[in-house]
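Structure record follows, encoded as structure tokens.
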Amino acid sequence: MNELDEGQRAFSSFRVLNGDDDSHSEREQLFRNMAQLFSYVSDRCDDDQVAQYDEVLCQLAELVEVEARAHVAKLLAPLARAPGTVVVKLANDDIEVAKPLLEFSNVLSDDDLIDIIGRQSEEHRLAIAGRASVPERVGEAIVEHGDRSSVVRLVRNSNAEFDKATLEKLVERATRDAEIAADLRNRPEIDWKSLRGEIDSVASKVLETLGQVDRGLDPVAAGKVNAVVYNRLRNRAGFSATEWKVAYNQVKALSDRKQLDDRALTRFARFGYGHHAAAALTVILHVAPEVFVKWLASQDYVAITVALKAAGLSPDLFEATVATLPWRDLPSEADKAMVVSRFEAIDKEEAIGIFELWRAHSFRKRAVSEERAAMSA
């Protein structure tokens, strides 16, 4: 049976959604078949098709037992593109359902994980603490809300990132837990000497017991150096294809849930999520991803200024977003001032007109190129 036949069989059973059939087994089979079919074609679905799967899977998730939900969660967990609403729904489910998504799904954003950490069980936090990548904000939430088991697993995760505030909380916990203290001591990437001047007295005592204190360090100078290094890391320039793929699919999932708006852009800018900001603008502007990536690679401030003015961003959000985007090179202060000046000078209606003219010209060139390619084939 090919994929089309399987899809027709799955969709032919939709009467169970309307309560016309009381058979639990038929609903569960439909749920499994829909998820299996989507796993086959996920990389070929457009946004409307993903939305249809999302709606149906969410409805069915309400009608089936835990075993079926767990089966579908395992199917969705490894997918780069999966329906955003049902993924978040299942990730908030019982742990036997949620676990594979919490451990492996790249569709779940940092905000999704932070929300789950705050509202769900310690078992949910334990699963998140073991992810292949645990960004600073997610780790901070685990330390804030987690019990001993999730915190210990987080500290032992070599791919977990900690900012200074989170490290201070962990060091304070180490005063009461020798295992956490030992695990912290075994993390080679932590610069305990620089950290010492910026933590409270209680934490300092713990660091002394860890044998990592250099009493000759100037804490003021260390603070300045670390601040510069930290800001460079958080606002690093350069486009990463891997980060882009993850960010783009997370933004698509956010769009599936109708949550891609100025508030989302504000969060991306606030926390330095440059690839997410770029992916969000790509979706909002309805431009091909390669177009936006080309603007970033060529430092095309004019194109992005016109596009973002046409999209209706406020001046403050525009300035913050431009500073966050993963440009090839970090914009200089002069570049930033020039971009802000242009943004303020151009009228929104004028920007919309320019952007739509560009879009029509771009589509026309693409159509001609495709026609020529077909003729020469």
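The values are calculated or read from the model by the stated rules, or taken from the named source; none is laboratory data. No experiment lies behind these values; they were computed from the predicted model shown. As a convention, Cβ positions derive from the backbone with ideal geometry for all residues, glycine included, and neighbour counts pool all protein chains shown. With ligands, DNA and RNA removed, areas are computed over all heavy atoms of the protein, side chains included. Shrake-Rupley method; radii C 1.70, N 1.55, O 1.52, S 1.80 Å.
Couple of notes before you dig in:
- Among all residues of region 47-55, there is at least one that is open to solvent by less than 40 Å² (accessible area, probe 1.4 Å), touching a helix residue (DSSP H, G or I) at 6+ places or on another chain (Cβ under 6 Å) and modelled with pLDDT of 55 or more.
- Lone qualifier among ALA68, ALA82 - being under 19 Å from ALA127 (Cβ atoms), touching a helix residue (DSSP H, G or I) at 6+ places or on another chain (Cβ under 7 Å) and either open to solvent by less than 20 Å² (accessible area, probe 1.4 Å) or not β-branched (Val, Ile, Thr) (or both): ALA82
- Of the criteria (1) more than 17 Å from ASP262 (Cβ to Cβ); (2) in contact (Cβ under 8 Å) with a residue 40 or more places away in the chain, which one ALA334 fails: (2)
- Of the residues making up region 259-274, those that are open to solvent by 20 Å² or more (accessible area, probe 1.4 Å) and either touching a Phe, Trp or Tyr at 6+ places or on another chain (Cβ under 9 Å) or among the acidic types (Asp, Glu) (or both) are ASP261, ASP262, ARG267.
- Among the candidates LEU154, LEU167, LEU101, the residue that is among the aliphatic types (A, V, I, L, M) and within 30 Å of TYR53 (Cα to Cα) is uniquely LEU101.
- Residues of region 308-367 satisfying the condition of being aromatic (Phe, Trp, Tyr) and either assigned to a loop (DSSP other than H, G, I, E, B) or open to solvent by 70 Å² or more (accessible area, probe 1.4 Å) (or both): TRP327, TRP358, PHE363
- Positions within region 278-307 being open to solvent by 10 Å² or more (accessible area, probe 1.4 Å), of a type in the set (Ser, Thr, Tyr) and either part of a helix (DSSP H, G or I) or touching a residue at least 60 places away in the same chain (Cβ under 8 Å) (or both), in sequence order: TYR301
- Contact map, region 310-331: first residue of a type in the set (D, E, K, R), second residue open to solvent by less than 20 Å² (accessible area, probe 1.4 Å), Cβ cut-off under 7 Å, separation 6 or more or different chains; pairs are ARG328/LEU296.
- Residue within region 89-105 that is in contact with a helix residue (DSSP H, G or I) (Cβ under 8 Å, 6 or more places away or on another chain), without any contact (Cβ under 8 Å) to a residue 60 or more places away in the chain, surrounded by fewer than 18 Cβ atoms within 10 Å (Cβ to Cβ) and within 23 Å of VAL155 (Cβ to Cβ) present: yes
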